[in-house]
Amino acid sequence: MIHTKQNIIQQLEQIRVLPILVTDDVDQAIRCVTTLAENGLPAVEITLRTPNAMTVLREVVKACPDVTVGAGTILTYAQLDAVKYAGAAFGISPGITPALAKAAAESGLPYFPGVGGASDLMLALEYGFDVVKLFPSDIVGSTKMAKALGGPFPDVRFCLTGGVTVEATPALLQQKNILCVGGSWMCPANLINAGDWQAIGSLAAQAAAAGK
């Protein structure tokens, strides 16, 4: 499947909720991503926060061809290069630097940098990124920040991550410049480690419903 930035944005527009998966176990990751997709969440961000994350990413991409599998917590050019090579459909960073933004713009990988305010956003726009991650959303002002930035930057759309809950999701998504929200509440580590796929499926279905 060829992933363009536009078709990833269209998919996020439809599902509105992006699960963020943190696990270092390939089998658990594949099972979890499959469960999320079966319950209405066919896109996922796998973070690079664990030692084995690149292997997990590569194997999930291979095992789940119908799921849009992205990579999160990209901090360096080397990681950006590696996730593209691993087959990630898109990349996400918690922040933005000129070097990483330039590399991402040149890489051709659909990419969403992280911003925490207006200066970050101006840097993102300089490199052509008008869909960005607002992080940590709950600390930098969530919908208030998105609304405030919507004044000077009317064409920018945000993915809110950091402190998002299923209960808050419907209200967050009412803000017109918010494309989607992201979080790990539908695939928490304790349920993944316990192999409780039924509970994860139930949380995923609730999250999918909250995005409607």
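Values in this text are rule-based calculations from the coordinates and carry no lab data. All figures in this text were calculated on a predicted structure; none of them were measured in a lab. Backbone-built Cβ (ideal geometry, glycine too); neighbour counts: all protein chains shown.
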Zone residues, the stretch 185-204, relative to D27, backbone N less than 18 Å from point 7 Å out along Cα-to-Cβ: 190-198
Report the full-extension gain for the segment K212 to D196: residue separation times 0.36 nm, less the Cα-Cα distance, to one decimal in nm. 3.3 nm
Based on DSSP H runs of at least 4 residues, each adding -39500 (n - 2.57), what is the mean residue ellipticity at 222 nm of the chain after dividing by all its residues, to the nearest 500 deg cm²/dmol? -13500 deg cm²/dmol
Which pairs, out of K5/K176; K5/K102; K62/K147; K62/K212, put more than 27 Å between their alpha-carbon atoms? K62/K147; K62/K212
Report the residue, chosen from A104, A124, A78, that carries the largest GNM mean-square fluctuation when the chain is represented by alpha-carbon nodes joined by springs under 10 Å. A78
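Can you divide the C-alpha Rg of the chain by 2.2 N^0.38 Å and report the result to two decimal places? Don't skip to the end; give the middle numbers.
Values: Rg = 15.9 Å, N = 212, 2.2 N^0.38 = 16.8 Å.
Dividing the Cα radius of gyration by 2.2 N^0.38 Å gives 0.94.
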Which log10 I(q)/I(0) values does the stretch 1-87 give at q = 0.14, 0.22, 0.23 Å⁻¹ under the Debye formula, counting every alpha carbon as one identical point scatterer? -0.43, -1.10, -1.20
Can you tell me the relative contact order of the stretch 1-101? Whole percent, Cα pairs under 8 Å, sequence separation 6 or more. 25
Build a GNM of the chain with springs between Cα atoms under 10 Å: which of K84, K144, K133 gets the top mean-square fluctuation? K144
